[in-house]
Amino acid sequence: MIYTRDYEIKKDDFVAAGEVSARIKNKLKQLGVDPALIRKIAIASYEAEINMIIHSLGGHMQLDIDEDSIMITCADTGPGIPDIELAMQEGYSTASDTVREMGFGAGMGLPNMNKNSDNMHIESSPAGTTVTLKFQM
């Protein structure tokens, strides 16, 4: 493992929204990762971070970098995703009107995470959700 770091994500912390994904992006720049790959990772990690802020009770994002891949694991507590297949559809959102008025919750989070990662895996229950995003170097 070249690098590993865990970041806390707090529920409804819209003031800090995007800070974790910016830190990840900066670390990848420091390590000399290809800018095109950094862009994909920045998009996916931002969407994951925002989803956790909006929909979960809080959790953690972990960045793991090794010689040939980058993995971001997002693990949160409740309430889970009742219908993952439906949640993967572009434009589908369960965000509140208040969240939408702030410019979030357009229903593109999971689809954008999937499009920008080489592999995405979701496990969800009422206790929480874990999304694993893998990117090949």
Could you grab me the full set of residues in the range 109-137 that are more than 12 Å from Met71 (Cα to Cα) and either open to solvent by 80 Å² or more (accessible area, probe 1.4 Å) or of a type in the set (D, E, K, R) (or both)?
-> Lys115, Glu123, Pro126
Do we have any residue at all in the range 99-106 that's over 21 Å from Val15 (Cβ atoms) and in contact with a helix residue (DSSP H, G or I) (Cβ under 8 Å, 6 or more places away or on another chain)?
-> no
Yes or no: Val15 touching a Phe, Trp or Tyr at 6+ places or on another chain (Cβ under 6 Å) and of a type in the set (A, V, I, L, M, F, W, C)?
-> no
Among all residue pairs at least 6 apart or on different chains, which show Cβ distances below 9 Å where the first residue, located in the range 82-103, is at negative phi and touching a residue at least 60 places away in the same chain (Cβ under 8 Å) and the second is among the aromatic types (Phe, Trp, Tyr) and surrounded by 11 or more Cβ atoms within 10 Å (Cβ to Cβ)?
-> Met102/Phe14
Sort through Ala48, Ala42 and tell me the only one that's over 18 Å from Glu8 (Cβ atoms) and among the small types (Gly, Ala, Ser).
-> Ala42
Which fully enclosed helices (runs of 4 or more DSSP H) of the range 11-108 have 3 or more residues being closer than 21 Å to Ser124 by Cβ and open to solvent by less than 40 Å² (accessible area, probe 1.4 Å)?
-> 35-55
Tally of residues being within 17 Å of Asp83 (Cα to Cα), out of contact with any helix residue (DSSP H, G or I) (no Cβ under 9 Å at 6 or more places or on another chain) and either part of a strand (DSSP E or B) or of a type in the set (Gly, Ala, Ser) (or both) across the range 124-137 | 4
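The values are calculated or read from the model by the stated rules, or taken from the named source; none is laboratory data. Predicted model only: the values in this text are computed from it and were never measured. Reconstructed Cβ throughout: ideal geometry from the backbone, glycine too, with neighbour counts over all protein chains shown. Just so you know, the surface numbers come from the protein's heavy atoms only, side chains and all, with ligands and any DNA or RNA stripped out. Shrake-Rupley method; radii C 1.70, N 1.55, O 1.52, S 1.80 Å.
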